[in-house]
Structure formats: C-alpha cells, structure tokens
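Just below is one structure, and these are the notes that go with it.
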Amino acid sequence: MAEPPRGDLSDMVDSAQPRTDVLVVGGGISGIACARALTAAGVPVRVLERSGRVGGRLASPPLPRGSADGDARPVDLGAAYFTVSDDEFAAQVADWERRGLARPWTDTLRAYGPDGSAESKSGPQRWAAPGGLRTLVADLAEGLTVETHREVAAVTPGPTVDGEPACAVVLAMPDPQAARLVGAPLRAAAAVAGQEWEPVIAVALGYAARTWPDLPAAFVNDHPVLSLVADDGSRRGDDAPVLVAHTTGDLARRHLDDPDGVIDEVVGAVGDLLGLTEAPRWTHAHRWTFASPAEPHDTAEDAPFHLDDDLVAVVGDGWGSPKVETAWRSGTLLGRALAARVTC
Ligand SMILES: Cc1cc2nc3c(=O)[nH]c(=O)nc-3n(C[C@H](O)[C@H](O)[C@H](O)COP(=O)(O)OP(=O)(O)OC[C@H]3O[C@@H](n4cnc5c(N)ncnc54)[C@H](O)[C@@H]3O)c2cc1C
C-alpha cells in the first residue's frame, strides 16, 4: 500500500494530538516565575506543588503554631532577605514596593567572629516583605493554575508526568529533589545527578521583649552552632520580639531526623552571642534538607537553566549564585525560551 505524502500524514498526526499543557513541578519562586512567563507568552501551563501552598524556601508560616491568644504572625523561616542586581528583577521589586509587598530593609549587617567580636559590614541593599517573603510568590501566582497537594513521583520520556502527557515539563526545585523524578534516558537526569546540597535547620525564637542589640541580622563565622541570626521584627517592620537563627550545615546534617534536637543548643548559643538573660517564650524548628547547593552549576548568564530536546527542563537557584533573584531569573528566562520552542 502506498504511503500517504509525508505532509498529509504529519497533519493527521498533529490534529489527532490532544492539546497538552506545560507542567511545572514545584511552586517556589522559580516555578511560579516560569509559569508566569509562559502564561504571558500565551502557553497553557499548570503548576504542580506537593505542599499546601506556594512559596517553597520562601516560607513564612504563622508562629507560634496554635497560638491561643491570637498573637501568631508570619515568620520568615527560609530565605532571610533578598538582594537585587538584575534590571528586570528590579522592576518586579519596584512594583512590589509600590504595592507595599516588599520593603528595603538594611544594607548593613553584623558579622561575629569566632572570639565573639562583632563588626558592622555594609553591602548591598537587603529587601524584606512586611507579610513575609512567601507573600511575594503568592502575588506572582495570582491568576495561574496551581494544583497544591500534588506530589509528582516520576517524569518519563514523552514527556509525561506521572503518566500524564505534557507539552513540556519544568522541574523547579533543588537538584536532589529533581533527581528523584527523572532517570535515563532523559538528559535532565544527567544534569541533576550527583549535585550536593547543604542543609540548614532554622529556629524561630519568640521572646517577651526585644532586649538584643541592633543587628538587624548577623553572620556568625566559624561557630559550631550558628551561621546567621536575623531580627524578624526588624525585617518585617513590626518590631515583634522574634529572632530566626540558622544552624551550620554540619549541625543540621547531624539532626536531619530530629530537627527539634537542635533547639536547646540554638537557644543557648543565641543567648550567649547577644547577651540575652531571658529564655524565649516559644521556639519552632524547621529542617531544610536542601537549603543551598554546595557548588552551583556552571551556566551561561543569559541561559541560567537546563533545557534540551526531551523538553524536560530544570530551573532554580542552583543555576547561578544561589539566591532568590537567581531563582526568579532562572524560571523567567526558561519560561521565555520554552515559549519560543513549543506549540502546545
Ligand atoms: C535557610 C535558608 C536561607 C536562605 N537565605 C537566603 C537569603 O538570605 N537570600 C537569598 O536570596 N536566598 C536565600 N535562600 C535561598 C532562596 O530561598 C532560594 O534561592 C529560593 O527560594 C529558591 O526557589 P526555588 O523555586 O528555586 O526552589 P524552592 O523554593 O525550593 O521550590 C521548590 C518547590 O518544589 C516543590 N517540590 C519539590 N519536590 C516536588 C515534587 N516531587 N512534586 C511537587 N512539588 C515538589 C517544593 O515543595 C517547593 O515548593 C535561603 C534558603 C534557605 C533554605
């Protein structure tokens, strides 16, 4: 039997294909920024997020949990702040500032040495959010289709997500989490394989009153317990008597199965560092198994992501200097690159 002309056959195949969405796995700032860029380009997209809300490592849960007297307020347990250097990100931040969602916090932080000495260090402007950094991701997610409580188990050639055909797939999460979802022959599997990420346990400490020196945040160098202490009331602008301490990676690694096990050590270390005489009224520990990459990917400035012909892409803060701005740029630029490539 004669084959139909090639053009006719491909026309038949194309029209028989159901329309599919780009599926973005991960509702942190990189995944949401990516979905926004795709939506802006007219590409149908859905975000699948395993937890109950968007934000990822921009996490601001209300604490103390179960507060009976209603004094719970959002506390930033992930990123301590963000910085801005890219012009487009600056425009986004200016819009957040204009609408009261973001605020310039400080350009001067303390640095504590191993002997307890402290000095103030000026650097780039640090930004914070009055409602907690998560509100910025929630703002970007306005109008997008986000399916929460959707934990993806496998991305396979096609590409498909847990068996569902997709126009393209974006993995927007730390490499070790992405590595659980993809295997050979997908090229994305090789891109994310073997990448080490550092853990942190963040401990929020709520006090009766503010009795510490003006920080507003402090790097703690060569300390066995602490890497950073931030004044959450200062950055949020409400002067609440709440500190957030980040542990060292080594301490976090020893307590990944038992994050609450670091609380006593952290309370003691923060008290010693800042000369506090009162114990906190409440504490809360949060484990970040993959807080930041030990070694970011070596990547082009104008293409901070992985994209190949399998149409399984990877974005996030591992694709450049590991910070909020990098995650936003990675997702945004990949979204545009993908939109130029797919017909969904
Ligand atoms: C303790 C700490 C301190 C930090 N400090 C700073 C700082 O001061 N300044 C700064 O700029 N940056 C800081 N960062 C880094 C910043 O938080 C990140 O760069 C940024 O939030 C990364 O966003 P992302 O979207 O790439 O990843 P994430 O925010 O990690 O988002 C990944 C999302 O994917 C979801 N997910 C994972 N697996 C699945 C699955 N199988 N199915 C569905 N969903 C899944 C997760 O639930 C998560 O919501 C800090 C991070 C931490 C943890």
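The values are calculated or read from the model by the stated rules, or taken from the named source; none is laboratory data. Just so it is clear, the structure is predicted and the values come from calculations on it, not from any experiment. We place every Cβ from the backbone using ideal geometry, glycine too, and count neighbours over all the protein chains shown.
So the values come out like this:
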{"item": "Evaluation of GLU295 against (1) surrounded by fewer than 18 Cβ atoms within 10 Å (Cβ to Cβ); (2) within 16 Å of the ligand (Cβ to nearest atom); (3) without any contact (Cβ under 8 Å) to a residue 24 or more places away in the chain (one fails), failing number", "result": "(3)"}
{"item": "The listed residue being within 27 Å of PRO241 (Cα to Cα), more than 14 Å from the ligand (Cβ to nearest atom) and surrounded by fewer than 23 Cβ atoms within 10 Å (Cβ to Cβ), out of ALA72, ALA40, ALA94", "result": "ALA72"}
{"item": "Whichever residue in the stretch 77-88 is within 11 Å of the ligand (Cβ to nearest atom) and of a type outside the set (Gly, Ala, Ser) and, among such residues, is nearest to THR247 (Cα to Cα)", "result": "LEU77"}
{"item": "Residues within the stretch 256-267 that are without any contact (Cβ under 8 Å) to a residue 24 or more places away in the chain, under 21 Å from PHE219 (Cα atoms) and surrounded by 12 or more Cβ atoms within 10 Å (Cβ to Cβ), tallied", "result": "0"}
{"item": "Sole residue being more than 29 Å from THR299 (Cα to Cα) and within 11 Å of the ligand (Cβ to nearest atom), chosen from GLU151, GLU147", "result": "GLU147"}
{"item": "Cross-chain or 6+ apart pairs with Cβ under 9 Å, the stretch 186-202 first and free of Cβ contacts under 8 Å to residues at least 24 places away in the same chain, then away from the ligand (no atom under 12 Å from the Cβ)", "result": "ALA189/GLY183; ALA189/VAL312; ALA190/ALA184"}
{"item": "Selected residue [over 30 Å from TRP212 (Cα atoms) and not basic (Lys, Arg)] from ALA269, ALA279, ALA285, ALA313", "result": "ALA313"}
{"item": "Hits in the stretch 286-344 - residues which are part of a loop (DSSP other than H, G, I, E, B) and in contact with a strand residue (DSSP E or B) (Cβ under 7 Å, 6 or more places away or on another chain)", "result": "ALA294, PHE305, LEU307, LEU311, GLY316, GLY318, PRO322, LYS323, VAL342, CYS344"}
{"item": "Residue in the stretch 108-128 that is within 10 Å of the ligand (Cβ to nearest atom), within 27 Å of ALA40 (Cβ to Cβ), part of a loop (DSSP other than H, G, I, E, B) and modelled with pLDDT of 95 or more present", "result": "no"}
{"item": "Boolean, PRO159 is in the same structural domain as VAL312 (by TED's automatic domain parsing), closer than 22 Å to PRO304 by Cβ and touching a strand residue (DSSP E or B) at 6+ places or on another chain (Cβ under 7 Å)", "result": "yes"}
{"item": "Pair list, Cβ < 9 Å and 6+ apart or interchain, from the stretch 136-153 residues that are within 22 Å of ALA79 (Cα to Cα) and outside the structural domain of GLY55 (by TED's automatic domain parsing) to residues that are modelled with pLDDT under 95 and loosely packed, with under 13 Cβ neighbours inside 10 Å", "result": "none"}
{"item": "Residue under evaluation GLY158, criteria (1) within 16 Å of the ligand (Cβ to nearest atom); (2) surrounded by 16 or more Cβ atoms within 10 Å (Cβ to Cβ), criterion not met", "result": "(1)"}
{"item": "Failed criterion for ASP317 (all others in (1) in contact with a helix residue (DSSP H, G or I) (Cβ under 6 Å, 6 or more places away or on another chain); (2) farther than 16 Å from ASP175 by Cα; (3) within 11 Å of the ligand (Cβ to nearest atom) hold)", "result": "(2)"}
{"item": "Subset of the stretch 166-200 [under 24 Å from ARG341 (Cα atoms), part of a loop (DSSP other than H, G, I, E, B) and either away from the ligand (no atom under 13 Å from the Cβ) or not assigned by TED's automatic domain parsing to the domain that holds VAL47 (or both)]", "result": "ALA166, CYS167, GLY183, ALA184, PRO185, LEU186"}
{"item": "Output for the stretch 228-271, where each listed residue is in a loop (DSSP other than H, G, I, E, B), hydrophobic (A, V, I, L, M, F, W, C) and within 16 Å of the ligand (Cβ to nearest atom)", "result": "LEU256"}
